[in-house]
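Below is one structure, written out as structure tokens; comments come after it.
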Ligand code: NDP
Ligand code: 2IT
């Protein structure tokens with residue numbers, strides 16, 4: 001067996017049950033085979049075996065009191081994966097499905113993603129199996145405060161800087177930031193995605209969705225007239241999905257579907273974003289309510305969204321939401337490009353279908369890197385104690401996404417895999433982190 005195949009088998013055997021982590025690690029290490037086979041330095045210094053284990057994982061309980069004065073308790077985690085190129089950086093997720101495997105997969109991906117941005121940020125991820133759905137603001141606040149009462153020990157502007165992810169947005173970041181400040185008495189950049197009144201960056205809210213579309217536009221300009229007139233199917237209706245839809249319109253495309261965990265809407269005239277923002281950001285409601293605003297749109301409960309014909313597919317909800325059968329349906333219906341707004345939304349089998357049918361495929365670690373990139377820019381502004389305009393941030397985001405396109409294209413071509421952005425993104429992200437690890441000493 002080859003070096004990477006052996007290593008993948010070894011990691012899997014030592015991390016039983018961590019299926020999401022196995023999936024992410026197998027994809028990356030498989031893509032790296034030509035790099036490590038042709039460069040003995042990486043093998044000699046044990047770079048890959050080290051990358052497969054987080055520098056540190058913290059697991060802790062979060063007790064809190066609900067509105068009925070009952071004690072509740074959740075499990076929370078912070079996986080500090082890699083500090084090779086900067087302080088640990090990556091979001092916090094609140095979702096009942098959260099476990100160590102999911103956070104290890106996310107922290108592992110984040111390490112290479114952050115490497116691709118060109119910014120000095122390491123990789124990490126955290127979260128809790130807390131379900132914010134149906135909780136009052138006061139309950140969410142008490143949960144966030146209790147979580148930070150433990151987590152603050154491990155954070156610092158030069159140590160670990162979390163941000164939002166599924167179930168964590170401006171409200172939660174605000175409550176966590178307030179508690180950190182209350183405990184430590186320090187006003188410092190230990191979270192990004194902060195509110196604009198207390199150190200947040202303009203453009204961070206929009207950054208992941210906007211960045212995704214900047215990257216897709218860059219790619220599509222090489223093969224057609226960019227996004228102009230293209231119908232986009234977008235899953236999810238959270239932070240990433242809504243701003244992906246907004247930038248789709250701005251670049252001349254038409255978003256026609258969106259979803260949540262209950263079902264999806266298909267609006268052939270184009271999604272009404274004002275209505276969607278009202279339902280999701282103001283009312284924190286369900287997507288089924290959308291047809292009250294748009295009688296011509298159709299709501300379908302459950303799955304099946306990827307059967308709607310579209311030109312480009314942008315999965316922006318969660319991991320493993322787009323399966324082999326979905327990929328076959330999209331391909332049969334003429335979809336020409338897929339961009340992962342979420343982290344690992346396409347299964348390995350789905351990716352294989354896209355690649356073998358020459359559907360352009362932009363993997364999450366490149367396509368959704370705009371969010372963490374602007375988080376990096378928020379850290380920079382906090383250090384400088386100044387504030388850039390929206391236009392300045394957006395300009396930097398565009399050039400970072402153009403840089404990612406360039407890096408993944410060049411790396412793929414270097415290993416005779418031109419157009420394979422999975423290989424290109426993994427190789428380019430890996431080299432950045434691996435070279436830093438080598439330079440800092442073998443052990
Ligand atoms: P939000 O919580 O704002 O939105 C998540 C959306 O996905 C909601 O519509 C939610 O529906 C849906 N969803 C979540 N879990 C599931 C599930 N198990 N099954 C079906 N639908 C689900 O999160 P974000 O938009 O911030 O994150 C979306 C994805 O993008 C995640 O993969 C995240 O890791 C990734 N990402 C986020 C970045 C950011 O800056 N926020 C940066 C880079 C990547 P419902 O409300 O019904 O649960
Ligand atoms: O997956 C991701 O890149 C994020 N959730 C954003 C992380 C960040 O630190 O902004």
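Values quoted throughout were computed directly from the atomic coordinates according to the rules given, and no laboratory measurement underlies them. Nothing here was measured: the structure is a model prediction, and the numbers come from that model. All Cβ positions, even for glycine, are placed from backbone atoms using ideal geometry, and neighbour counts span all protein chains on display.
Quotient of the Cα radius of gyration of the stretch 391-443 and 2.2 N^0.38 Å, N being its number of residues: 1.37. With both residues required to sit in the chain, DSSP beta bridges show an antiparallel share near 55%.
The Rg/Rh ratio of the stretch 69-163, with both radii computed over alpha carbons and Rh defined as the Kirkwood radius, is 1.02. For the peptides 418-428, 276-286, the ranking by mean Cβ contacts within 10 Å, running from highest to lowest, is 418-428, 276-286.
Taking the inverse of the mean reciprocal distance over all distinct Cα pairs, the Kirkwood hydrodynamic radius of the chain comes to 21.9 Å. For the stretch 277-401, what log10 I(q)/I(0) values come out of the Debye formula at q = 0.11, 0.14, 0.21 1/Å, with one point per alpha carbon and no solvent? Per q value, in the given order, log10 I(q)/I(0) is -0.54, -0.81, -1.13. Summary of the geometry: the stretch 156-222 and the stretch 81-140, compared by the centres of their Cα atoms, lie 12 Å apart. Shape analysis of the stretch 20-80 based on the Cα gyration tensor places the equivalent ellipsoid semi-axes at 41, 12, 5 Å, largest first.
Considering all different alpha carbon pairs of the stretch 128-248, the Kirkwood hydrodynamic radius works out to 16.3 Å. By the beta-carbon count within 10 Å of each Cβ, the least crowded to most crowded order of 287, 12, 219, fewest first, is 12, 287, 219.
Diffusion of the stretch 224-331 by Stokes-Einstein, at 20 °C in a medium of 1.002 mPa s and with Rh set to the Kirkwood radius over alpha-carbon pairs, works out to 157 µm²/s. Within the listed set 163, 138, 33, the residue fluctuating most in the Gaussian network model of the chain (springs between alpha-carbon atoms under 10 angstrom) is 138.
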